[in-house]
Amino acid sequence: MRLGVLASGSGTNLQAIIDAVEAKKLPAEIAVVVSDNAQAPALERARKHRYKHICLNPRNYKGREEYDAALVSLLQRERVGLVVLAGFMRLLSRYFVREYEGRITNIHPSLLPAFPGLNAVQQALKYGVKITGCTVHFVDEGVDTGPIIAQVAVAVKEGDTVETLHQRIHSAEHKLYPWALGLICRGKVRVEGRRCIISD
Ligand code: GRF
């Protein structure tokens with residue numbers, strides 16, 4: 001399976017995926033890493049590991065449709081079979097989601113459907129939940145609404161700040177995302193309506 005990883009920031013999930021691919025725990029190739037931010041450390045991680053990496057700067061495109069059209073043609077050129085969102089901070093257009101329907105995954109730092117959208121860790125702390133976590137899901141046209149592939153719970157501790165809690169959620173993400181991608185790459189995930197059926 002050829003992966004196209006989209007990342008805007010530090011890219012620690014990208015790093016976990018790179019490590020899993022290189023350790024042969026994840027049967028996939030990283031075809032390309034794309035960022036909308038030229039300064040993203042994620043690009044530097046890709047460079048270090050000699051993966052193709054590209055910044056598509058939104059300022060060079062007239063709008064979302066034009067940007068997403070460029071993204072689609074890039075991913076097609078690289079024969080990407082699965083689009084992996086790893087901290088990609090742009091909403092994808094309906095056009096993009098339809099082009100790659102059922103072949104886009106995302107990781108979100110909460111137990112969806114709780115706390116979708118931005119600042120999920122802050123939302124969870126503010127709400128006062130005792131358990132939160134992370135979710136890997138397929139991407140549909142909504143915001144964090146697609147079928148859930150896998151989740152891990154993380155306990156909220158007394159005195160947690162957004163930073164300390166996000167750190168523990170991040171550690172959980174680094175195990176969960178490569179594992180969930182492995183299930184997809186091995187053909188173990190079937191979607192029936194809202195449910196992902198995992199076979200062993
Ligand atoms: C993660 O917390 C992920 O859940 C969210 O964005 C963050 C990306 O972190 N979608 P990183 O760039 O992989 O370190």
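Assorted remarks:
- Placing a pseudo-label 7 Å from each Cα along the Cα-to-Cβ vector at Arg50 and Asn119 gives an inter-label distance of 4.4 nm.
- For a straight C-alpha distance cut-off of 29 angstrom, the lysines reachable from Lys62 (same-chain residues fewer than eight places away being disregarded) are Lys52.
- When each of Lys130/Lys175; Lys48/Lys188; Lys24/Lys175; Lys126/Lys175 is checked by Cα-Cα distance, pairs over 24 Å: Lys48/Lys188; Lys126/Lys175
- Seen from every direction in turn and averaged, the convex hull around the alpha carbons of the chain projects onto 11.1 nm².
- Relative contact order of the chain: 20 percent, from C-alpha pairs under 8 Å at least 6 residues apart in sequence.
- Estimated at 0.36 nm per residue, the fully extended path between Ala70 and Ala155 surpasses their Cα-Cα distance by 26.5 nm.
- Cβ charges +1 (Lys, Arg) and -1 (Asp, Glu), total dipole of the chain, debye: 380
- Under the convention that each Lys and Arg Cβ holds +1 and each Asp and Glu Cβ holds -1, the size of the dipole of region 106-200 around its Cα centre is about 260 debye.
- Think of the chain as having a plus end and a minus end, set by charges on the Cβ of Lys, Arg, Asp and Glu; of Pro58, Gly146, Leu43, Leu43 sits farthest toward the positive end of this dipole.
- Screening the chain for whole DSSP H helices of 27 Å or more along their axis (Cα) with average Kyte-Doolittle hydropathy at least -1.0 returns 162-185.
- Compactness of region 85-200, expressed as Rg and Dmax over alpha-carbon positions, Å: 14.3, 44
- Separation of the Arg190 and Ala38 label points, Cα + 7 Å toward Cβ, nm: 4.8
A short reminder: the numbers here are calculations on the coordinates, not readings from a lab. The structure displayed is predicted, hence computed values, not measured ones. Using ideal geometry, Cβ is built from the backbone for each residue, glycine included, and neighbour counts are taken over all protein chains shown.
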